[in-house]
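First up is the structure itself, then whatever we jot down about it.
Every number in this text was worked out from the coordinates using simple rules, so none of it is lab data. This one's a predicted model, so the numbers in the text were calculated from it and none came from an experiment. Heads up, the Cβs are rebuilt from the backbone with ideal geometry, glycines too, and the neighbour counts pull from every protein chain shown.
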Ligand code: F6P
């Protein structure tokens, strides 16, 4: 038996821990061969880009950020973009992938990815490719799993940034706005915001009013607070307004969000007399060593993905349903995003301790 493994979409801390666990479980427990596919699904187009993985050549990667296999969030084989005669054309090369997988002799392919890569995995599965999935994204926005690996490390990084921003904000009597990632979900902003003592948290699930944010900050100043911290999720938007989009594809698909921190900073400047600075945390949230929680989760996911293959549970994705790792059909995972409940316990707890969500 030979299996393949690839990482697709944006990287997340813990990818290497999954790759290591897949390799060790497949080789040491089952005696299978493992082939790493380089650069996500792109590695399954022609020319094929693979490398054999063994417990030996995956030593020392448990604590490494990134992915030794490389990844891309633009290589969808069902819609490959190229420029012909100065014009962009889109072609479906999924059959090349299906045929190359057959040629490689893969009995199964493990796709480590977020909603985009798992959607591709699901479509390949419908074309007859034996797929199992591992949920990955710092955004934690995949339904059907309690948590994705990479998220906790991103929350740690954002919380650490808030700890640092508190001290400089206090020294200079400023408002500091921190913009964090998360696409359409506010999990990173919400959890880091609570853990890092933010005064205002803006998330996509709760459209904000600039007046309410300004009111909160002025109230704090009046009560004697020297500084305030505002954390904004990149996908948050004002009530009746739009998200801050940086890049859109020709078909309207939003490729990149970003810029809301500056917008909110300007809005606070205009509606108060407070001095404001803005920090964008960006890809620091995706880089670096995974925290122990993510190493453990990634190891459990990687090993469980191999067990799914051994049990012939193809078309399934491993899912953390505390305290156990179980599995769910991949199609269930990709059908809807997991968003913050605006009336849920976390938001209510934050509001109870005085955090403002701009509402
Ligand atoms: O999905 C993970 C993520 O980091 C999002 O939080 C963010 O919006 C996006 O990827 C950034 O993508 P890129 O690496 O292409 O800038």
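Helix 260-271 and the longest principal axis of the C-alpha atoms of the chain enclose an angle of approximately 10°. Exposure proxy for 115, 11, 39, 336: other Cβ atoms within 10 Å of each Cβ, ordered fewest to most, give 336, 39, 115, 11. With a Cα-only, solvent-free Debye model of segment 1-82, what are the log10 I(q)/I(0) values at q = 0.12, 0.18, 0.20 Å⁻¹? Log-scaled intensity ratios, in q order: -0.34, -0.72, -0.86.
Rounded to the nearest 0.05, what FRET efficiency do residue 332 and residue 222 give with R0 = 56 Å and r taken as the Cβ-Cβ distance? Could you check?
Numbers: r = 50 Å, r/R0 = 0.89.
Efficiency computed from Cβ-Cβ geometry: 0.65.
Between the Cα long axis of helix 292-310 and the first principal axis of the chain there is an angle of about 30°, rounded to the nearest 10. Across segment 185-323, Cα-Cα distances exceeding 18 Å account for 67% of all pairs. Using Cα springs under 10 Å in a Gaussian network model of the chain, which residue among 31, 282, 259 shows the largest mean-square fluctuation? Answer for the Gaussian network model of the chain: 31. The calculated Kirkwood hydrodynamic radius for segment 16-59 is 10.8 Å, given to one decimal from all distinct C-alpha pairs. Pairwise Cα distances in segment 76-209 exceed 22 Å for 56 percent of all pairs. The length gained on full extension between residue 321 and residue 63, counted as 0.36 nm times the residue separation minus their Cα-Cα distance, comes to 90.5 nm.
The mean sequence separation of alpha-carbon pairs under 8 Å and at least six residues apart, normalised by the residue count of segment 126-169, gives a relative contact order of 26 percent. Here the simple spin-label model places points 7 Å from the Cα toward Cβ, and for residue 28 and residue 345 these points are separated by 3.5 nm.
Among 154, 192, 249, the residue with the largest mean-square fluctuation in a Gaussian network model of the chain, with springs joining Cα atoms closer than 10 Å, is 249.
Helical runs (DSSP H, four residues minimum) scored at -39500 (n - 2.57) apiece and divided by the length of the chain put the mean residue ellipticity at 222 nm at -10500 deg cm²/dmol.
Between the C-alpha center of segment 253-304 and that of segment 12-67 there is a gap of 27 Å. Using a Förster distance of 35 Å, how high is the FRET efficiency between residue 289 and residue 104, based on the Cβ-Cβ distance and rounded to 0.05? According to the calculation, E is roughly 0.65.
On a C-alpha basis, how far is the centre of segment 156-188 from the centre of segment 83-123 in Å? Whole number, if you could? After rounding, the separation between the Cα centres reads 38 Å. Normalised by the number of residues in segment 1-133, the average gap of Cα pairs under 8 Å and 6 or more apart makes the relative contact order 31 percent. Measure nothing fancy, just the Cα-based angle from helix 210-222's long axis to the longest principal axis of the chain, in degrees from 0 to 90, nearest 10. Between the helix axis and the principal axis of the chain, the angle is about 60 degrees. Protection proxy ranking, highest mean first, for peptides 60-72, 342-354, 130-142: 130-142, 60-72, 342-354, where packing is the per-residue count of other beta-carbon atoms within 10 Å, averaged.
For the residues 335, 82, 319, a GNM of the chain with alpha-carbon springs under 10 Å puts the largest fluctuation on 82.
Model label points for residue 89 and residue 170, set 7 angstrom from Cα along the Cα-to-Cβ axis, are 6.3 nm apart. Compactness of segment 30-131 was expressed as the Cα radius of gyration divided by 2.2 N^0.38 Å, which yields 1.16.
The simple spin-label model puts a point 7 Å past each Cα toward its Cβ; for residue 250 and residue 51 those points are separated by 3.4 nm.
From the gyration tensor of the Cα coordinates in the chain, what semi-axes in whole Å does the equivalent ellipsoid have, largest first, with each one equal to sqrt(5λ)?
Working: eigenvalues 326, 96, 57 Å².
Ellipsoid semi-axes (Å, largest first): 40, 22, 17.
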